[in-house]
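Just below is one structure, and these are the notes that go with it.
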Amino acid sequence: MIRARIIGTGSYVPEKVLTNADLEKMVETSDEWITARTGIRERHIAADKEYTSDLATKAAQNALDMAGVKAEEIDYLVVGTITGDYPWPATACIVQSNLGAVNAGAVDVSAACSGFVYALAAASDRIQAGHAKKALVIGAETLSRIIDWEDRNTCILFGDGAGAVVLEAQEGEAGILSTHLHADGTQLELLYQPGFATRILPSIEALKERPNFLYMQGNEVFKVAVRSLTEVANIALKANQMKVEDIDLFIPHQANIRILEATAKRLKLRSEQVYINVDRFGNTSGATIPLALDEVNRAGKLKAGDILLLDAFGGGFTWAAAMVRW
Ligand code: ACO
């Protein structure tokens, strides 16, 4: 059976680190509050002229280098992002040009924090259908650009970063085993950016309402996130006739430590099965899962045959899982 196999991973985070101590000087908060409520200690923030496409390009190049694949060999390039360089065209087209991936079709996927898993599903399906041989899947965000740095409810949570994987069509048991995508648009306003797309156009008048920032009702999002992450993880296990014990590594979207711990508890995962790096990067939305995957891979912690469950939840709402055999 032809599967999409991950043959290289890469990631990139901007140089600048913003600590909880730095945030204490910006809004009324404390390191103690942030650490206890979110588990986040620091996050990376893009430089003034550093854009999502720059982060994505660096992560993608790292993944290509690890895979030993040239950019021209890629025939499909997908970026999961909600903080693209432009409203349109796709940031994927900028990355395609930066890399010289001249033979790749390029498109963005907008599924907020589930963006990478949605993008992975799109590329995996295309490979399994025989329409692509090698694909580049990227999750990249500069959330810092849509955060209200005066709002302590949200500004402490997010960071910038990118992660990428190279997929190759291979015969065998290893690769993406299944993907599971879900959405519920009925509660969209619990987590969204009200403007400036085409509903609320940019104007001096509109700017007074600050619609260009991320808006979130944290308490409500928390509950739905835990429920949805648990639900889709169980769906993925059932589809593959697996049990929780079969998972070697659970890589959830790194939203905050309490969501991760509550989800792990509901799934009855042991702490060694759960990968956590939210303390160092915060919530980088669509980038958290590929960033974490690259960290474990580069640390040499993955061995052939390992079962990985990628589990995401984000604005939309969207939620998604991917079962992977390494
Ligand atoms: N520092 C100090 N106090 C704060 C801060 C802060 N940074 N932020 C809020 N508070 C205060 C509030 O004002 C409130 O004070 P009040 O009781 O006087 O009104 C108090 O702390 C409690 O606020 P809550 O919002 O109830 O705090 P909660 O325990 O729910 O924690 C948090 C807030 C961390 C945002 C939590 O709701 C959460 O993690 N939600 C999920 C958010 C998330 O991860 N979203 C992303 C998932 S999807 C995606 O990745 C896009």
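The values are calculated or read from the model by the stated rules, or taken from the named source; none is laboratory data. Bear in mind that the values here come from a model prediction, so they are computed numbers and not experimental data. No Cβ is skipped: glycine too gets one built from the backbone with ideal geometry, and neighbour counts run over all protein chains shown.
Scanning the stretch 138-156 for residues that are within 17 Å of ASN212 (Cα to Cα) and in a loop (DSSP other than H, G, I, E, B) returns ILE147, ASP148, TRP149, GLU150, ASP151. Screening the stretch 143-181 for residues that are within 14 Å of the ligand (Cβ to nearest atom) and β-branched (Val, Ile, Thr) and picking the one that is farthest from PRO14 (Cα to Cα) gives THR154.
Please work out which residue is surrounded by the fewest Cβ atoms within 10 Å (Cβ to Cβ), limiting yourself to the stretch 10-50 and to residues that are hydroxyl-bearing (Ser, Thr, Tyr) and within 9 Å of the ligand (Cβ to nearest atom). My answer is SER30.
Please enumerate the residues belonging to the stretch 24-46 that are out of contact with any Leu (no Cβ under 6 Å at 6 or more places or on another chain) and more than 24 Å from ALA262 (Cβ to Cβ). Once the filter is applied, which keeps residues that are out of contact with any Leu (no Cβ under 6 Å at 6 or more places or on another chain) and more than 24 Å from ALA262 (Cβ to Cβ), the stretch 24-46 yields GLU24, LYS25, MET26, VAL27, GLU28, HIS44, ALA46. Looking at ILE146, ILE204, just one residue is surrounded by fewer than 20 Cβ atoms within 10 Å (Cβ to Cβ) and within 25 Å of LYS58 (Cβ to Cβ), and that residue is ILE146. Output yes when any residue across the stretch 182-193 is without any contact (Cβ under 8 Å) to a residue 12 or more places away in the chain and either within 12 Å of the ligand (Cβ to nearest atom) or out of contact with any Pro (no Cβ under 8 Å at 6 or more places or on another chain) (or both), and no when none is. Yes, some residue in the stretch 182-193 is without any contact (Cβ under 8 Å) to a residue 12 or more places away in the chain and either within 12 Å of the ligand (Cβ to nearest atom) or out of contact with any Pro (no Cβ under 8 Å at 6 or more places or on another chain) (or both). Residues of the stretch 101-132 that are touching an Asp or Glu at 6+ places or on another chain (Cβ under 9 Å), in a helix (DSSP H, G or I) and closer than 26 Å to MET1 by Cβ: VAL117, ALA119, ARG126, ILE127.
Confirm whether ALA135 is outside the structural domain of TYR192 (by TED's automatic domain parsing), crowded, with 24+ Cβ neighbours inside 10 Å, on the phi < 0 side of the Ramachandran plot and part of a strand (DSSP E or B). Give the steps one after another, and end with the answer.
Working: outside the structural domain of TYR192 (by TED's automatic domain parsing): yes; crowded, with 24+ Cβ neighbours inside 10 Å: yes; on the phi < 0 side of the Ramachandran plot: yes; part of a strand (DSSP E or B): yes.
Yes.
Looking at ALA225, ALA264, ALA255, ALA239 in this structure, which one is more than 16 Å from the chain's Cα centre (by Cα) and more than 17 Å from THR179 (Cα to Cα)? Walk me through how you get there before you give the answer.
On the way: ALA225 fails: more than 16 Å from the chain's Cα centre (by Cα); ALA255 fails: more than 16 Å from the chain's Cα centre (by Cα); ALA239 fails: more than 17 Å from THR179 (Cα to Cα).
Within the list ALA225, ALA264, ALA255, ALA239, the selection yields ALA264.
Selection of the stretch 28-51 for residues being under 19 Å from the mean Cα position of the chain (by Cα) and among the polar types (S, T, N, Q) yields only THR38.
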